[in-house]
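Colleague: Before I ask anything, let me first share the structure, which is written out below as structure tokens.
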Amino acid sequence: MRVSIAGSGYVGLVSGAGLSDVGHHVVCMDIDEARVEGLKNGIVPIFEPGLDRMLETNFSQGRLEFTSSIARAVEHAEVLFIAVGTPPDEDGSADLSHVLAVASAVGDHMNKTLLVVVKSTVPVGTCHKVKETISRKLSERGLEIDFSVASNPEFLKEGAAIADFMKPDRIVVGVDNEKAENLLRELYAPFNRNHQKLLCMDVRSSELTKYAANAMLATKISLMNELSNVASHVGADIEHVRNGIGSDPRIGYSFIYPGAGYGGSCFPKDVRALEHTARANGYEPELLKAVEAVNNRQKHRPFEILSRHFDGKIEGLTVAVWGLSFKPNTDDMREAPSLYLVDSILNAGGSVRAQDPQAADEAARIFCDRPGFEIVVDPYEAARDADALVLITEWKLYWAPDFDRLRQEMNQAVIVDGRNIWSPEVVRRRGITYYSIGRP
Ligand SMILES: NC(=O)c1ccc[n+]([C@@H]2O[C@H](COP(=O)([O-])OP(=O)(O)OC[C@H]3O[C@@H](n4cnc5c(N)ncnc54)[C@H](O)[C@@H]3O)[C@@H](O)[C@H]2O)c1
């Protein structure tokens with residue numbers, strides 16, 4: 001099938017790679033011309049394991065094209081995906097300007113029937129707005145063209161995005177007519193070989209499903225973080241508690257890790273946007289507010305622990321920070337807990353020497369004008385002469401460090417494990433002062 005995707009970020013590029021890999025002819029479009037030129041020359045603007053190779057293969061075999069021309073994208077497509085960003089507006093609602101800009105441009109260029117599919121995470125009612133925008137543009141041009149707008153939220157996880165796209169748990173589509181449903185069934189047939197994964201529903205339910213999924217996951221994290229703080233107050237060990245509840249199949253082990261809070265480009269903004277949608281429709285979402293509040297507090301936990309250890313005297317200290325991306329296997333630092341930690345240390349007069357396997361460039365860009373922030377290549381170099389080490393992102397590289405070497409290299413052997421990846425006994429046996437989240 002002929003597919004176009006407006007927006008060549010994490011979602012657009014992974015979708016483009018995945019759809020072309022099964023044989024569809026895909027045009028990936030973006031308004032960022034430098035990004036498009038880079039892609040044509042094999043430069044992938046984001047880090048996502050396996051993505052560069054997959055883009056390269058499908059590009060060289062002629063199934064994948066990159067363009068900054070929306071006219072080309074519209075002309076090519078039977079199905080056109082909108083996969084542009086929906087960042088938070090000041091009031092927490094989703095900023096739909098990019099989505100509606102694409103809709104408007106589609107209406108300016110459409111000359112034949114088209115299925116427009118909204119893949120961006122958008123509040124309930126957005127597909128309707130997209131449809132209205134395109135219709136308005138068509139009528140301004142004096143045209144009457146049969147087109148549909150469907151919802152198809154994306155559930156991929158950064159860091160495992162290719163596997164998630166190629167072998168999805170489910171493919172949610174929201175449609176208002178059979179023709180659109182059939183087109184999407186045909187498009188996704190190669191991903192359904194094992195069993196039917198396509199869940200077809202009305203458009204509004206599909207739009208809400210994406211927010212519901214992220215709200216549920218964010219709630220699990222915040223509840224676990226809340227419990228970790230209770231554990232600290234009552235002298236219990238949250239890791240024993242985690243094992244004790246995870247074994248119940250109704251609860252399960254996934255997504256119940258205590259830590260430094262959730263970040264990233266999705267959970268924070270999506271919880272806020274869902275709160276906003278609920279409120280705008282006359283419902284006060286008490287639980288969602290609490291999920292967000294607990295998370296905001298939790299992001300400050302590693303610094304609080306650090307500050308308590310040094311009696312609030314951070315000035316003049318050097319803190320090594322391991323991990324900056326919001327989670328391992330991505331270079332994405334949007335709303336990462338590391339941002340709060342680094343900012344707090346610098347504001348308190350300390351210096352930061354940080355290491356991250358992929359987010360170094362992004363961190364350098366964010367903190368370039370902050371004196372006291374330095375980024376280094378090697379984790380032990382970050383720890384050399386440091387007064388404390390805080391682990392904030394659990395990259396595999398950090399799971400089994402040489403603690404003896406750390407104790408020798410550090411000025412003061414103090415470790416704050418913001419993800420509970422190390423054993424307190426093992427670290428303390430090496431003569432290191434060790435703190436973690438919700439464990440004695
Ligand atoms: N990143 C994720 O893990 C993830 C997962 C599921 C859903 N989502 C959702 O998917 C959407 C896209 O997220 P992302 O992380 O890929 O965003 P991103 O910021 O990585 O990419 C968005 C791209 O859209 C481009 N763009 C903006 N306006 C445009 C326009 N008018 N025409 C063409 N291109 C335009 C930007 O230049 C950018 O390259 C968001 O709604 C997000 O919530 C993201």
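Colleague: Of all the helices (runs of 4 or more DSSP H) wholly in region 253-318, which have at least 1 residues that are more than 16 Å from the ligand (Cβ to nearest atom), farther than 29 Å from E207 by Cα and touching a Phe, Trp or Tyr at 6+ places or on another chain (Cβ under 8 Å)? Break it down stepwise before answering.
Modeller: On the way: elements: 267-280, 286-298, 301-309.
It comes to 301-309.
Colleague: Report the residue count in region 349-365 for those that are surrounded by 18 or more Cβ atoms within 10 Å (Cβ to Cβ) and of a type in the set (A, V, I, L, M, F, W, C).
Modeller: Within region 349-365, residues that are surrounded by 18 or more Cβ atoms within 10 Å (Cβ to Cβ) and of a type in the set (A, V, I, L, M, F, W, C) number 4.
Colleague: Return a yes/no flag: does region 37-49 have any residue that is under 25 Å from E186 (Cα atoms) and in contact (Cβ under 8 Å) with a residue 24 or more places away in the chain. Write out each step before concluding.
Modeller: Taking region 37-49 as the starting set, the residues that turn out to be under 25 Å from E186 (Cα atoms) are none.
No, region 37-49 has no match at all.
Colleague: What residue, among those in region 231-252 that are exposed (fewer than 13 other Cβ atoms within 10 Å of the Cβ) and in a helix (DSSP H, G or I), is farthest from the ligand (Cβ to nearest atom)? Steps first, answer last, please.
Modeller: Taking region 231-252 and keeping what is exposed (fewer than 13 other Cβ atoms within 10 Å of the Cβ), we get 233-235, 240, 243-244, 247-250, 252.
Going one step further and asking which of them are in a helix (DSSP H, G or I), we end up with 233-234, 240, 243-244.
Values: H233: 34, V234: 36, H240: 32, N243: 29, G244: 31 Å.
Only one residue tops the list, namely V234.
Colleague: Could you check how many residues of region 158-170 are within 13 Å of the ligand (Cβ to nearest atom) and crowded, with 16+ Cβ neighbours inside 10 Å?
Modeller: Within region 158-170, residues that are within 13 Å of the ligand (Cβ to nearest atom) and crowded, with 16+ Cβ neighbours inside 10 Å number 7.
Colleague: Go through region 125-155 and give me each residue that's touching a Lys or Arg at 6+ places or on another chain (Cβ under 7 Å) and within 14 Å of the ligand (Cβ to nearest atom).
Modeller: If the condition is that a residue be touching a Lys or Arg at 6+ places or on another chain (Cβ under 7 Å) and within 14 Å of the ligand (Cβ to nearest atom), then N152, P153, E154 are the ones that fit.
Colleague: While we're looking at this one, here's another question. Is there any pair with a first residue in region 154-170 that is over 12 Å from Y188 (Cβ atoms) and a second that is more than 10 Å from the ligand (Cβ to nearest atom) and among the β-branched types (V, I, T) whose Cβ atoms are under 8 Å apart and which are 6 or more apart or on different chains, and what are they?
Modeller: Pairs that qualify, where the first residue is over 12 Å from Y188 (Cβ atoms) and the partner is more than 10 Å from the ligand (Cβ to nearest atom) and among the β-branched types (V, I, T), are F155/V172.
Colleague: Counting only residues that are within 14 Å of the ligand (Cβ to nearest atom) and farther than 27 Å from D361 by Cβ, give me the helices (runs of 4 or more DSSP H) lying completely in region 1-83 with at least 3 of them. Lay out the reasoning, then the answer.
Modeller: Values: elements: 10-21, 33-40, 51-60, 70-76.
Qualifying helices (runs of 4 or more DSSP H): 70-76.
Quick note: the coordinates plus some simple rules give every number you see, no bench work behind them. Computed from a predicted model, the values in this text were never measured in an experiment. When we count neighbours, we look across all protein chains shown, and the Cβ atoms used for this are built from the backbone with ideal geometry, even at glycine.
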